[in-house]
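Just below is one structure, and these are the notes that go with it.
The values are calculated or read from the model by the stated rules, or taken from the named source; none is laboratory data. As the structure is a computational prediction, the values presented were derived from the model and not from experiment. All Cβ positions, even for glycine, are placed from backbone atoms using ideal geometry, and neighbour counts span all protein chains on display. Only protein heavy atoms, including side chains, enter the accessible area calculation; ligands, DNA and RNA are left aside. Shrake-Rupley method; radii C 1.70, N 1.55, O 1.52, S 1.80 Å.
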Amino acid sequence: RSPPILAFGVLSALAALSEGTDCVQPGTCEPPPAKFANVIRGPAPGQQWNFNGGFCGAWSVQQCTLAFGAYVSQDLIRKANKDSPGPHAMHGDSTVGFEVMPINVAFTAKNLKISYDEWDYTKPSPQAKAYKAWLKSHLVQGEPVVFFPMCKGDGHMCYRDSPTDEGACPNGGTCDHVEPMFGIFTNSTLDDLTVYDDDVILHASDQDYMPYYRRMDSLQDSTKMDGNCAIAQPGFGRNEMYPCIDVDVTYGLAVTGLQANTDDGNITASKLPKVSMTIDITYEPNVRIFEKPCEVHANISVDTSGLDEGEKCVLFRYNSTEIFPVSAPYDAGYEYATPFTADGSGAPWTYADPNSFFSNTAVYYRAVC
């Protein structure tokens, strides 16, 4: 989804307009005073590319994969679905790839070697209640979600030529935008999967640099947008901050990790502790309009809670999706290897990678113990 301004000369200006720190009402940008919370390390508010239909889907996938130690350029995320079977109602083609939409988000994730759980959009309607339970089940486990909301004032057509056309949203649902969801706040314990009205999710708009906190009971609306989203501001640069999911049929993909085949029958098989990464950019230079890629620096955190004191590990870095191994041997094709030893405390092992990479590339980290 992009604004109705496509001239390349204004794209940088659009990004600059989003650099303020003002919270767009009725969105809430302060965390709630909840007793329990899980804010997932990696994803952060930032600016998508705004052209060719908008790279909201690619940007949301990019943010969610950071939670498991991978960075992939928005350019490469789209290219990962260039061979998707379609229908191809959205922007793109079989060379540069297509917008990431409900019809192809799982195909995209699979080709990026991401493990995932896609919401079953064929469930009986209305889906909102069950969908929110699905959301919470992943967020409490530290698994961010790519979700597909509607925005006030937008058309809700999802590239349909007619109401009976599937467009890019199967099973009759709709969306106008794609955003990452990466936190949960609750007054119940995090092992209580019941959805409460005052549970709050954390999401980004893709169009500014603010975090947005949203009560679960306000998340759904009809396509008329005259319920929970009646108070939302219409229009680009405002409606992304307070979107709503379609109460009847909606979409989502939870990122649950990076692909790994560890079921090899070997009792000495490697342990693969969870890796997350944060990066030092909030806007990726758009190489598709000839902006120069920038250097990116990663800060790595490895979950050592399942490791014994003295256990030897290696953090591998791979410089492309194609090279990244989904099964042993994991020491094949790596670019850098950094040994470390678990201290038995269960505290995360952290590492500021001194070797930068360019923003138009793909980089995967995997810890092997």
Query raised in the report: Out of all the residues in region 78-90, is one or more modelled with pLDDT of 95 or more, on the phi > 0 side of the Ramachandran plot and buried (at least 23 other Cβ atoms within 10 Å of the Cβ)?
Result: no
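The rows are residues; the columns are (1) at pLDDT 95 or above; (2) within 22 Å of D197 (Cα to Cα); (3) open to solvent by less than 10 Å² (accessible area, probe 1.4 Å).
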residue: C229; (1), (2), (3): yes, yes, yes
residue: N239; (1), (2), (3): yes, no, yes
residue: D248; (1), (2), (3): yes, yes, no
residue: V255; (1), (2), (3): yes, no, yes
residue: A260; (1), (2), (3): no, no, no
Report summary line: Cβ pairs under 9 Å, 6+ apart or interchain, first in region 106-129 and in a helix (DSSP H, G or I), second surrounded by fewer than 17 Cβ atoms within 10 Å (Cβ to Cβ) and of a type in the set (G, A, S), ordered by first then second residue, are A109/S115
Requested in this report: Please indicate, with yes or no, whether at least one residue in region 69-85 is in contact with a helix residue (DSSP H, G or I) (Cβ under 8 Å, 6 or more places away or on another chain), closer than 28 Å to D280 by Cβ, part of a strand (DSSP E or B) and free of Cβ contacts under 8 Å to residues at least 24 places away in the same chain.
Outcome: no
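Condition check ((1) in contact (Cβ under 8 Å) with a residue 60 or more places away in the chain; (2) over 18 Å from I40 (Cα atoms); (3) outside any loop (DSSP other than H, G, I, E, B); (4) out of contact with any helix residue (DSSP H, G or I) (no Cβ under 6 Å at 6 or more places or on another chain)) across all residues:
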{"site": "N171", "(1), (2), (3), (4)": "yes, yes, yes, yes"}
{"site": "D176", "(1), (2), (3), (4)": "yes, yes, no, yes"}
{"site": "F182", "(1), (2), (3), (4)": "yes, no, yes, yes"}
{"site": "Y196", "(1), (2), (3), (4)": "no, yes, no, yes"}
{"site": "I201", "(1), (2), (3), (4)": "yes, no, yes, yes"}
{"site": "S205", "(1), (2), (3), (4)": "yes, no, no, no"}
{"site": "M210", "(1), (2), (3), (4)": "yes, no, no, yes"}
{"site": "D226", "(1), (2), (3), (4)": "no, yes, no, yes"}
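Would you point out which residue out of L193, L219, L139 is in contact with a Gly (Cβ under 7 Å, 6 or more places away or on another chain), of a type outside the set (G, A, S) and modelled with pLDDT of 95 or more?
Working: L193 fails: in contact with a Gly (Cβ under 7 Å, 6 or more places away or on another chain); L219 fails: in contact with a Gly (Cβ under 7 Å, 6 or more places away or on another chain).
Step by step, each of L193, L219, L139 is checked, and only L139 is in contact with a Gly (Cβ under 7 Å, 6 or more places away or on another chain), of a type outside the set (G, A, S) and modelled with pLDDT of 95 or more.
Can D154 be described as touching a residue at least 40 places away in the same chain (Cβ under 8 Å) and acidic (D, E)?
Numbers: touching a residue at least 40 places away in the same chain (Cβ under 8 Å): yes; acidic (D, E): yes.
Here the answer is yes, as D154 does meet what is asked.
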Query raised in the report: Quick check: anything in region 137-149 out of contact with any strand residue (DSSP E or B) (no Cβ under 9 Å at 6 or more places or on another chain) and of a type in the set (A, V, I, L, M)?
Result: no
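Of the residues that make up region 143-153, is at least one surrounded by 24 or more Cβ atoms within 10 Å (Cβ to Cβ) and in contact with a Lys or Arg (Cβ under 9 Å, 6 or more places away or on another chain)? Quick ask: steps written out before the conclusion?
Initial filter on region 143-153 (surrounded by 24 or more Cβ atoms within 10 Å (Cβ to Cβ)): 144-151.
Next, from what is left, pick out any that are in contact with a Lys or Arg (Cβ under 9 Å, 6 or more places away or on another chain): 151.
The answer is yes, given that some residue of region 143-153 is surrounded by 24 or more Cβ atoms within 10 Å (Cβ to Cβ) and in contact with a Lys or Arg (Cβ under 9 Å, 6 or more places away or on another chain).
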Report task. Identify all residues within region 335-369 that are part of a loop (DSSP other than H, G, I, E, B), over 20 Å from the mean Cα position of the chain (by Cα) and closer than 30 Å to E291 by Cα; write none if there are none. Result -> E335, D353, P354, N355, S356
